[in-house]
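These notes concern the structure reproduced below.
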Amino acid sequence: MELPEKLKGAIEGLSKIPGVGQKTALRQALALLNWNEQEIKSLSYSIEQLTKLGVCEVCSMLCDDKKCIICSTEDRIQSETLCVVESITDCIAIENSNTFSGKYHVLGGVLNPLLGVGPDELGLDKLFKRISIESVKSIILAVNPSVEGDATCSYIKQNISDEVEVDRIGFGIPIGGSLEYLDSLTISKALENRKKM
């Protein structure tokens, strides 16, 4: 069936969102038709504002100004613990857990020579300089467990002072998980990261 051009344009735009196919985009566009004009304009304005989002000059998290909320909070600034994460979504996930009260550094990826991602592309010099300037005493490497993630963590560890304590987050069996359904790598990581009771 030939759809109106305006509807086609909305479907095409919505289908560019990761995880949204043509059918879902059509359903969403049709649902938006039930909104009043002000609601649609408000959504449009919110999406337009995304183009004005910046990146924190300290930690590389998204922000409205030069510094993000975390890097502007006095308690966080004074913290001697730095959590290094691979992506902004990882930072958000840790923050939402309400279990970490230090500061962050977002790498924006991991070392991957095959894709041309080296230390310069990740801005690791900025991280090392920050560790030195801010007198960081403890680093938590919250990078995903992969060959590239392990290589990134090893590179970071090798390039910082031995006086700085470096930990890697634990990996293994999720809460409610059953051993019989887990892959061998997850089980081996769980055994590596065991702790005394």
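The values are calculated or read from the model by the stated rules, or taken from the named source; none is laboratory data. If you're wondering where the values come from, they're calculated on a predicted model, not measured in any experiment. Positions of Cβ are generated from backbone atoms using ideal geometry, with glycine treated the same way; all protein chains shown enter the neighbour counts. Only protein heavy atoms, including side chains, enter the accessible area calculation; ligands, DNA and RNA are left aside. Shrake-Rupley method; radii C 1.70, N 1.55, O 1.52, S 1.80 Å.
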Highest average packing first - 16-23, 97-104, Cβ atoms within 10 Å: 97-104, 16-23
Dimensions (Å) - the chain, Cα atoms, principal axes, largest first: 65, 48, 37
Sequence-separation-based contact order of the chain, relative, with Cα cut under 8 Å and 6+ spacing, percent: 13 percent
Relative contact order of segment 23-106, pairs being alpha-carbon contacts under 8 Å that are 6 or more residues apart, as %: 22 percent
Charge context of residue 3, other residues only, Cβ under 14 angstrom, K/R +1, D/E -1: +1
Nearest-10 value in Å² for the accessible area of residue 81, using the 1.4 Å probe: 40 Å²
5 angstrom amide H check on residue 62, placed H, neighbours 5+ away: 56
Rel. contact order, % - alpha carbon contacts under 8 angstrom, at least six apart, segment 88-182: 23 percent
Residue 167/residue 114 FRET efficiency (R0 30 Å; Cβ-Cβ; nearest 0.05): 0.60
Paramagnetic reach from residue 30 (point 7 Å along Cα→Cβ, amide N under 18 Å) across segment 3-22: 3-15, 20-22
Computed [θ] at 222 nm, deg cm²/dmol, the chain (DSSP H ≥ 4; -39,500 (n - 2.57); rounded to nearest 500): -12000 deg cm²/dmol
Whole-percent carbon and sulfur share, accessible surface of the chain, 1.4 Å: 56 percent
